[in-house]
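The structure appears below as structure tokens.
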Amino acid sequence: MRSGLLQAGRGLRWYLRQATGEAKWDEYVARCRRDGVEPMCRRDFERHRTDHKESNPQSRCC
């Protein structure tokens, strides 16, 4: 029973991180480490993501 609750908790945590975009930061930092590049600060990263979303809308109507 306990392992089922832990698994459910991990699944919920994963889902929330994906839904809120929190996982994007971790993926970005991991990619920078892999490529040997200095990552930008979190604030600049979020600003870049916001600017990209505003200039490249993905939603569709009708």
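Where a number appears in this text, it was derived from the coordinates with a stated rule and is not lab data. All figures in this text were calculated on a predicted structure; none of them were measured in a lab. Glycine also receives a Cβ, built like all others from the backbone with ideal geometry; neighbour counts cover every protein chain displayed.
Going by how many other Cβ atoms sit within 10 Å of their own, how do Arg34, Arg47 line up, fewest first?
Arg34, Arg47
With the chain treated as a Gaussian network of Cα nodes joined by springs under 10 Å, which of Glu46, Glu38, Glu22 yields the largest mean-square fluctuation?
Highest fluctuation of the listed residues: Glu38.
Based solely on its DSSP helices, what 222 nm [θ] is calculated for the chain when runs of n ≥ 4 H residues each add -39,500 (n - 2.57) and the sum is averaged over all residues, nearest 500 deg cm²/dmol?
-25000 deg cm²/dmol
Which angle from 0 to 90°, rounded to the nearest 10, does the C-alpha axis of helix 2-20 make with the longest principal axis of the chain?
Rounded to the nearest ten degrees, it is 10.
On a 0 to 90° scale, report how tilted helix 22-35 is relative to the longest principal axis of the chain, with both axes built from alpha carbons and the result rounded to the nearest 10.
Rounded to the nearest ten degrees, it is 70.
Compute the helix-to-body angle for 42-55: its Cα long axis versus the longest principal axis of the chain, expressed 0 to 90° and rounded to tens.
Roughly 70 degrees between the two axes.
Under the 0.36 nm per residue contour assumption, what length would be gained going from the current alpha-carbon distance of Tyr28 and His48 to full extension? Could the numbers behind the result be given before it?
Details: separation 20, 0.36 × 20 = 7.20 nm, distance 1.21 nm.
That pair, Tyr28 and His48, stretches by 6.0 nm at full extension.
How many percent of the alpha carbon pairs in the chain exceed a separation of 15 Å? It would help to have the intermediate numbers written out before the result.
On the way: 1267 of 1891 pairs.
Result for the distance tail: 67 percent.
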